[in-house]
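The values are calculated or read from the model by the stated rules, or taken from the named source; none is laboratory data. What you see is a predicted model, and the numbers here were worked out from it, not measured in a lab. With ideal geometry, Cβ positions are generated from the backbone for all residues, glycine too; neighbour counts draw on all protein chains shown. Areas reflect the complete protein model, heavy atoms only, side chains present, ligands, DNA and RNA absent. Shrake-Rupley method; radii C 1.70, N 1.55, O 1.52, S 1.80 Å.
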Amino acid sequence: MSEYKLLINGKLVDGAKSSPVINPATEEPVALCPRASEAQLNEAVAAAKAAFPAWAATPIAERKKALSAIADVIEANGAELARLLTQEQGKPIGDATGEVYGTAAFFRYFTMLDLPVKVIEDSEGKKVEAHRRPLGVIGAIVPWNFPMILMAFKLPPALLAGNTVVLKPAPTTPLTSLKLGELIKDILPAGVVNILADENDLGAPLTAHPDVRKISFTGSTATGQKVMVGAAGLLKRITLELGGNDAGIVLDDVNPKEAAPKLFQSAFQNSGQVCIAMKRLYVHESIYDEMCDELAAIANNTIIGDGLKQGTQLGPLQNRMQFEKVKELIEDAKKTGKVIAGGEVPDEKGYFIRPTIVRDISDGTRLVDEEQFGPVLPVIKYSDPEDAVARANASPYGLGGSIWSNDKNKAYELATKLDSGSVWINKHADLAPNIPFGGARLSGIGSELGEEGLAEFTQLKIINIAK
Ligand code: NAD
């Protein structure tokens, strides 16, 4: 087993304690993971605070070079990182490889952005400039479904803007982040990035720490609410990327056979553990039976297994808690709908659940109304598209949503009525580093990615000069 270390103030150090990270496909330990104490968290924040003035004063061209060097080192170690990602997270190795190289691409994207001084007015009486200043120490908190790419929503823009960072991955998927720490240790000045693994106990003290100026958080809505409370005392900046219950709405002109594979992928990628997975599917009554049959056939033919095995299409749930939660939702759905594929848990080691399709289910049931975050999709019948949109909007979440139709105008018109941060037409969950991403209502506050995402790591400062 490899050894892992925390990165604090440019040094790789042991944790105050350690505990294993479990491979969800085998339930065996992947490695013993160092876990930081609160004292080590304080050391990391102090190191980031001390490193801030020099990093903020470093020319942006130099900071971009550092981001490029990080991208290079991720690519150079891509195969090893992908294998480790599969072992700790469970996703198939092809998907893990995509996530790792995607992470490098996100770092590279931010090297193309700048934070120029904007002249707002230059008149006879005055000149007014808008500057974007770094904030200071950023606390970056990441969940367990995409440990690498979600880290890359935060680290590159935070660093490009001149901030320093304390990164805290989820307790069940810390190893790829710690490995990254080892790889970037000598690329950045000591203290600019610090990486800590915890036992789910350091998110709150990091959020409340008086020397942390902003929390960039991705995770559940319930924890996001705690972050908001924790940050309130010092009016800390927060970006919250939280839960979702994305609806897909399929209109009557869609060919079920053609659309079903894309819909299936939208719902089941990463075994449904995607914030913007399609989590409820509304299908017009005229094509409902055929669509349910097509989806069930795909589910039944899907190969689930250890992500390191050749041919695996879907891996396990990432951790036992999520595994139990999804099983419970399926048991409930057996009473409120009809399971036409999956529904059973293979009698073998690992947190596996076969992809499950539930039909004849409606709004007001747990599986439709709650975020399942797992490989089970409720398919709901509707007759009026406007009504389907109203039902999609009735959720307290507002992360994403999609309209599926061959009539582009009709789809566009309905898309404008979906009340969520992102809406896709004839696809779902298309993310890219240049496209801002964020949620409405209980799905979050603020944006990540793109120029908007970069701006959130800065303080707007106006300089207003009399002439
Ligand atoms: P979670 O909220 O349990 O944990 C997320 C992170 O917060 C972990 O690192 C955890 O250790 C930390 N944490 C725990 N308690 C904390 C506290 N009091 N203060 C600060 N941080 C604390 O979420 P999860 O179960 O790991 O992730 C699944 C959830 O994340 C789902 O709801 C999913 O939709 C959401 N998610 C959202 C996005 C998005 O961009 N909107 C992306 C991925 C996942």
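Side notes on the structure shown:
- Cα-based reach from Lys262 at 13 Å (exclusive), listing aspartates and glutamates while leaving out same-chain residues under 8 positions away: Glu294, Asp430
- Each principal axis of segment 10-141 carries a Cα extent, and these read 72, 38, 20 Å when sorted largest first.
- Only helical runs count toward this figure. For the chain, summing -39,500 (n - 2.57) over DSSP H runs of n ≥ 4 and dividing by all residues gives -11500 deg cm²/dmol at 222 nm.
- Under 5 Å, built H, 5+ apart or other chain: amide partners of Ala440: Gly398, Leu399, Gly421
- Two-site FRET efficiency, Glu452 against Ser383, from Cβ-Cβ distance with R₀ of 45 Å, rounded to 0.05: 0.75
- Farthest positive-ward along the chain dipole, Cα basis, beta-carbon charges - from Val212, Pro396, Val100: Val212
- For segment 168-196 and segment 234-272, distance of Cα centres in Å: 30
- Extended-chain gain in nm, criterion 0.36 nm per residue less alpha-carbon gap, Ala105 and Ala69: 11.8 nm
- The charge dipole of the chain, taken about its Cα centre with unit charges on the Cβ of Lys, Arg, Asp and Glu (plus for the first two, minus for the last two), comes to roughly 1480 debye.
- Maximal additional length on extending the Ala390-Met321 stretch stands at 21.6 nm, based on 0.36 nm per residue less the C-alpha distance.
- The solvent-accessible area of Arg391, taken with every protein chain present and a 1.4 Å probe, is close to 60 Å².
- Counting only DSSP beta bridges whose two residues both lie in the chain, roughly 45 percent are antiparallel.
- Translational diffusion of the chain was estimated from the Stokes-Einstein equation, with Rh taken as the Kirkwood radius over Cα pairs; at 37 °C and 0.692 mPa s the coefficient is 143 µm²/s.
- Only protein atoms count toward the accessible area here, which uses a 1.4 Å probe; on the chain, the carbon and sulfur part of that area reaches 52 percent.
- Calculated FRET efficiency for the pair Ala232/Ala466, C-beta based, R₀ 56 Å, to 0.05: 0.90
- Ordering Val379, Gly203, Leu251 by the projection of their Cα atoms onto the charge dipole of the chain, which places +1 on the Cβ of Lys and Arg and -1 on the Cβ of Asp and Glu, puts Gly203 at the extreme positive end.
- Counting only Cα atoms, the size of segment 164-234 along its three principal axes is 36, 26, 16 Å, in decreasing order.
- Annotation: for a label point projected 7 angstrom from Cα along Cα→Cβ of Ser37, residues of segment 158-198 with backbone N closer than 17 Å are 196-198.
- Positive dipole terminus of the chain, leading residue within Gly438, Ala415, Ser177 (C-beta point charges): Ser177
- Rounded to the nearest 20 debye, the dipole size of segment 39-116 about its Cα centre is 200 debye, using +1 on the Cβ of Lys and Arg and -1 on the Cβ of Asp and Glu.
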